[in-house]
Structure formats: structure tokens, C-alpha cells
Amino acid sequence: MEHPLVRAIEAALGWSGASSLGNAFTRGHFADKTLCQRLLTPSRLLDLVMRRNLEPPQLRCFQGGVEMNPGDYLTTRFGRRGQRTRLADMNRLADLLDSGLTLVLDGLDMFDATLEVASRALQWWSREMVQVNAYLTTRATAGFPLHWDDHDVIVVQLLGEKTWDVRSFSRPAPMYRDAERNSTASEQPVWKGLLRAGDVMHIPRGYWHQATRVEHTGGMSLHVTFGFPKRTGVDWLTWLADQAREAEVFRRDLIRNGSEQERAAQERALADAAVDLLRSSPPAMFLADREGRQPPRRHTPALPADCCDEGAESVVCITEFEPAFVESGEDVIVVGGGRRLTFRKKARPALDRLLSGLPVNVAKLSVQTATDVRRLADLLVREGMCVGLTPELFSGYTALVMTEDC
């Protein structure tokens with residue numbers, strides 16, 4: 001999927017593809033600063049907060065580097081039948097923002113179309129899942145204390161300025177669930193300085209870092225972080241454990257009270273089967289299986305066929321990873337979004353466009369490819385690999401991505 005954010009990140013960091021993700025700390029700058037405003041603005045962020053039922057840990061507020069009590073910025077609304085709903089108290093938030101506040105909203109890709117599309121483009125590029133978090137800071141105040149993340153991060157400064165302190169790791173390749181704690185911050189400096197609007201920074205997993213505005217008396221800062229939790233050998237072994245269920249030798253009870261010979265025989269059988277499983281199911285197979293099975297995130301469902309005169313005018317592929325094509329004789333097999341669909345090869349040109357990740361006008365593509373694209377599109381929508389393009393979802397493409405097909 002072609003997306004200007006992906007191209008801008010590569011250009012800013014001097015990368016060619018995602019192979020450098022996680023390797024080393026890197027900084028750069030967007031050539032086109034208008035990209036920042038098209039991604040997210042403070043007013044749009046606050047509008048998202050206002051219109052949704054958000055609570056910690058998705059919505060959090062900090063003052064002086066300390067997380068605030070949710071009761072200081074949330075309010076409880078009761079319906080006429082006593083239903084309870086927790087919402088952000090926008091009047092209270094206004095006062096807090098005026099006095100100095102860091103507002104953190106996690107997972108914007110779940111309910112903002114522009115950031116959903118940007119995240120999907122980054123997922124197709126990196127072949128890893130991506131989550132977007134936003135950080136709005138006003139006045140002179142600190143945010144999080146010095147910490148490390150268990151995933152690689154790309155930081156994009158959208159508005160204003162923020163001071164960063166980045167240090168090296170104190171434990172190689174630390175994990176959230178690990179064999180030992182990683183609580184002693186590194187003293188080895190990597191970079192300390194100011195991020196300004198349009199600046200981009202890549203922080204590898206495990207690097208200690210902190211962002212603050214304590215030296216700024218006015219204005220505000222808005223930045224987003226794109227988190228990439230990459231797969232590890234532990235994830236591969238966990239997947240192997242699930243694959244082991246197919247073999248009877250692994251499903252049998254472990255011998256606890258049998259003879260020494262019986263226990264030894266079972267240990268040899270398990271060890272041999274484990275070696276065979278390791279060799280027959282390498283990490284590359286795990287990664288491919290994960291990409292093919294990952295279901296798409298939530299989208300507006302298609303209405304029942306008998307409720308609509310015709311299908312969607314335009315459709316777009318919404319699989320979390322780029323679908324894979326496998327040619328077999330006169331057929332082409334498409335794998336993605338937890339589905340495996342078989343088509344005739346003559347449908348390949350239309351499928352390439354329908355599954356490109358960009359919006360496609362069905363009628364126009366039918367003329368261009370001389371194919372019954374409506375039938376293909378309806379099938380892909382029914383199987384969950386594509387969705388009809390609603391005005392709300394289309395807004396995520398008009399902000400950053402335009403295509404002549406739509």
C-alpha cells in the first residue's frame with residue numbers, strides 16, 4: 001500500500017524498507033510538514049476524547065510526571081433508568097490544560113480513520129502490528145518518568161516542541177514478561193535535545209527515554225508514537241506449542257508413576273518429536289501463518305443483501321497485513337485476514353487492485369479489466385477481506401492518500 005507517511009518516515013530516517021526497524025536510534029525530519037496537520041491536530045484529538053466513553057488505561061492524564069486520579073478528569077453520567085457511563089469532563093480538562101497537563105490517549109487507530117489507515121500502511125510495510133498513541137502537553141509540565149518500552153517506537157512530533165532524553169538499554173532485548181526485572185536505568189546517553197514539529201525519531205526496544213516540557217513556559221506539544229511489537233523466538237516457541245497439539249505423542253499424559261524404562265521411552269519419543277517439529281516448522285513459517293491468520297479489526301458490517309439494491313460503489317482491502325497470492329495451475333489462491341480464497345487466474349488483475357489497500361471504484365475497475373468486479377468485490381466483502389467504503393472510512397484516505405480509482 002502506497003502511503004505518504006511510510007515514504008516520509010523512510011526519507012526522514014534514511015531507510016529503505018523496514019529492515020532497519022529496531023536496529024539503532026535514528027532521527028530525521030519530514031520534508032513536508034503539512035503531513036503533521038493531516039495526521040492529527042489538538043482539536044481533533046480532544047474531539048475524539050469528547051465523543052467516546054474513555055477510561056484509564058486508554059485515557060490518562062499526568063501533571064508533574066505523576067498520573068492523576070481519574071476522578072479529577074472524568075465524570076459520571078446517569079441515564080433516566082440509572083445507566084452509568086464514564087466520560088471525560090471537558091470543562092475540567094479545559095482548566096487542567098490551561099494550568100499545564102499531559103493528556104495521553106492510547107490506540108487511536110481503533111477509532112480514528114486517518115490513523116487507522118496510516119497504521120495499516122505501516123503494518124503492510126513492517127509486517128508487524130502497529131498501535132498509535134497520542135501525547136498532548138500544555139505549559140511547562142513533565143510527562144512519563146524515565147522508562148523503556150518492550151517494542152520499537154517511531155515518534156512523530158506534530159506540533160510544538162518537546163525535550164527528550166534517550167539512553168541505551170540496560171538489558172539486551174528486554175521483554176514485558178521476562179526472566180528478570182529491568183528496573184535500573186542506563187547511564188549511557190544516546191541523544192538529548194529538542195524535537196520540533198516535523199521531526200521523526202526511532203527508539204529501539206529497551207532504550208530508556210523520557211519526554212518533558214518543564215523548560216517551556218507557554219504553548220503546547222503534540223506528538224504521536226507508532227509502536228511496533230515485533231515477534232521474538234519466544235513467540236515462535238509459543239506457536240510451536242500450539243502446533244504440537246496435532247501430534248498424539250504430545251497430547252498423551254506425562255508418565256509420573258510408571259517404571260524408569262517407561263519414563264525414559266516417553267522422554268525419547270517427546271524429544272524426537274520436538275526436534276522434528278522444530279525442523280518442520282521454522283520461524284519463517286510461523287511469521288507467514290501469523291500474517292495470514294490475523295483477522296481484520298472492527299469495521300462497519302455490510303448490510304444484508306436483501307436490504308440493499310446493489311453492493312458498495314467503492315471497496316477497500318482492510319486486512320492487517322498485505323494479502324499473499326499463490327498461483328496453482330489455472331488458479332490463484334489469496335491468503336489474508338484469516339481467509340484462504342481460490343480464484344481463476346484471469347481474475348488476478350482485478351484482485352491486484354481490489355487488494356491493493358487503496359480505495360477502488362467497482363464500476364470503473366470493471367471497465368478497465370473487462371472483469372465482473374462486482375461479483376469479486378461482493379465476495380471479498382462477504383469474506384471480510386474488504387469492506388464497502390463508507391464516508392467515514394473514506395475520510396482516512398482523503399486526508400493522506402488519493403487514488404484515481406476512487
Tally up the residues in segment 325-353 that are within 24 Å of G396 (Cβ to Cβ) and of a type in the set (A, V, I, L, M, F, W, C), please.
3
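Of the residues L96, L105, L159, which single one is touching a helix residue (DSSP H, G or I) at 6+ places or on another chain (Cβ under 8 Å), of a type outside the set (K, R) and free of Cβ contacts under 8 Å to residues at least 60 places away in the same chain? Spell out the reasoning first.
Numbers: L105 fails: free of Cβ contacts under 8 Å to residues at least 60 places away in the same chain; L159 fails: free of Cβ contacts under 8 Å to residues at least 60 places away in the same chain.
Going through L96, L105, L159 in turn, just one is touching a helix residue (DSSP H, G or I) at 6+ places or on another chain (Cβ under 8 Å), of a type outside the set (K, R) and free of Cβ contacts under 8 Å to residues at least 60 places away in the same chain: L96.
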Given the conditions (1) part of a loop (DSSP other than H, G, I, E, B); (2) out of contact with any Gly (no Cβ under 6 Å at 6 or more places or on another chain); (3) of a type outside the set (A, V, I, L, M); (4) at pLDDT 95 or above, every one holds for F144 apart from (4)
Quick test for you: out of G384, G396, pick the one residue that is surrounded by 15 or more Cβ atoms within 10 Å (Cβ to Cβ) and in a helix (DSSP H, G or I).
G396
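Out of the strands (runs of 3 or more DSSP E) lying entirely within segment 1-107, which hold 3 or more residues that are buried (at least 19 other Cβ atoms within 10 Å of the Cβ)?
Details: elements: 26-29, 59-63, 74-78, 84-88, 102-106.
Counting at least 3 such residues, we get 59-63, 102-106.
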Matching option when the condition is more than 25 Å from D109 (Cβ to Cβ), in contact (Cβ under 8 Å) with a residue 40 or more places away in the chain and not hydroxyl-bearing (S, T, Y), among A134, A173
A173
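Residue-wise test of (1) under 20 Å from F25 (Cα atoms); (2) touching a His at 6+ places or on another chain (Cβ under 6 Å); (3) of a type in the set (K, R).
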site: V132; (1), (2), (3): yes, no, no
site: R139; (1), (2), (3): no, no, yes
site: G160; (1), (2), (3): no, no, no
site: Y176; (1), (2), (3): no, no, no
site: E187; (1), (2), (3): yes, no, no
site: W191; (1), (2), (3): yes, no, no
For segment 164-186, which positions are crowded, with 17+ Cβ neighbours inside 10 Å and within 30 Å of P42 (Cβ to Cβ)?
W164, V166, R167
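Please pick out the residue among A312, A273 that is surrounded by 10 or more Cβ atoms within 10 Å (Cβ to Cβ) and in a helix (DSSP H, G or I).
Details: A312 fails: in a helix (DSSP H, G or I).
Checking each option against the conditions leaves just A273.
Among the residues of segment 176-207, how many are within 23 Å of D32 (Cα to Cα) and free of Cβ contacts under 8 Å to residues at least 40 places away in the same chain? Explain how you work it out, then say what you get.
Taking segment 176-207 and keeping what is within 23 Å of D32 (Cα to Cα), we get 193-203.
Then drop every residue that is not free of Cβ contacts under 8 Å to residues at least 40 places away in the same chain, which leaves 193-194, 196.
Here the count works out to 3.
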What about M285, is it surrounded by 15 or more Cβ atoms within 10 Å (Cβ to Cβ), out of contact with any Asp or Glu (no Cβ under 7 Å at 6 or more places or on another chain) and of a type outside the set (S, T, N, Q)?
no
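So, of the residues in segment 338-353 that are part of a helix (DSSP H, G or I) and among the aliphatic types (A, V, I, L, M), which turns out to be nearest to P296 (Cα to Cα)?
Quick first cut of segment 338-353, residues part of a helix (DSSP H, G or I) only: 345-353.
The next check asks that each one be among the aliphatic types (A, V, I, L, M); those that pass are 347, 350-351.
On the way: A347: 23, A350: 21, L351: 18 Å.
Ranking the qualifying residues of segment 338-353, first place goes to L351.
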Scanning segment 187-214 for residues that are surrounded by fewer than 18 Cβ atoms within 10 Å (Cβ to Cβ) and in contact with a Ser or Thr (Cβ under 6 Å, 6 or more places away or on another chain), the one farthest from V153 (Cα to Cα) turns out to be Q188
Check off (1) in contact with a strand residue (DSSP E or B) (Cβ under 9 Å, 6 or more places away or on another chain); (2) of a type outside the set (S, T, Y); (3) more than 30 Å from G218 (Cα to Cα) for G143 and give me the number that stays unchecked.
(3)
Residue count, segment 116-152, condition closer than 25 Å to A288 by Cα and not aromatic (F, W, Y), comes to 18
Hey, among the residues in segment 108-132 that are of a type in the set (D, E, K, R) and assigned to a helix (DSSP H, G or I), which one's surrounded by the fewest Cβ atoms within 10 Å (Cβ to Cβ)?
E116
Of the residues in segment 342-359 that are over 25 Å from the mean Cα position of the chain (by Cα) and surrounded by fewer than 21 Cβ atoms within 10 Å (Cβ to Cβ), the one that is farthest from R293 (Cα to Cα) is K346
Filter pass, D165 being among the acidic types (D, E), under 30 Å from G100 (Cα atoms) and within 26 Å of the chain's Cα centre (by Cα):
yes
Number of the condition not met by Q63 [criteria: (1) more than 21 Å from V153 (Cβ to Cβ); (2) touching a strand residue (DSSP E or B) at 6+ places or on another chain (Cβ under 8 Å); (3) at pLDDT 95 or above; (4) among the polar types (S, T, N, Q)]
(3)
Filter segment 327-337 down to the residues that are in a strand (DSSP E or B) and modelled with pLDDT under 95 and list them by number.
E327, S328
Criterion (surrounded by 20 or more Cβ atoms within 10 Å (Cβ to Cβ) and over 28 Å from V130 (Cβ atoms)) met by exactly one of V367, V362:
V362
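The values are calculated or read from the model by the stated rules, or taken from the named source; none is laboratory data. Treat the numbers as computed from the prediction; the structure is a model and nothing was measured. Here Cβ is always computed from backbone atoms with ideal geometry, including for glycine, and neighbour counts include all displayed protein chains.
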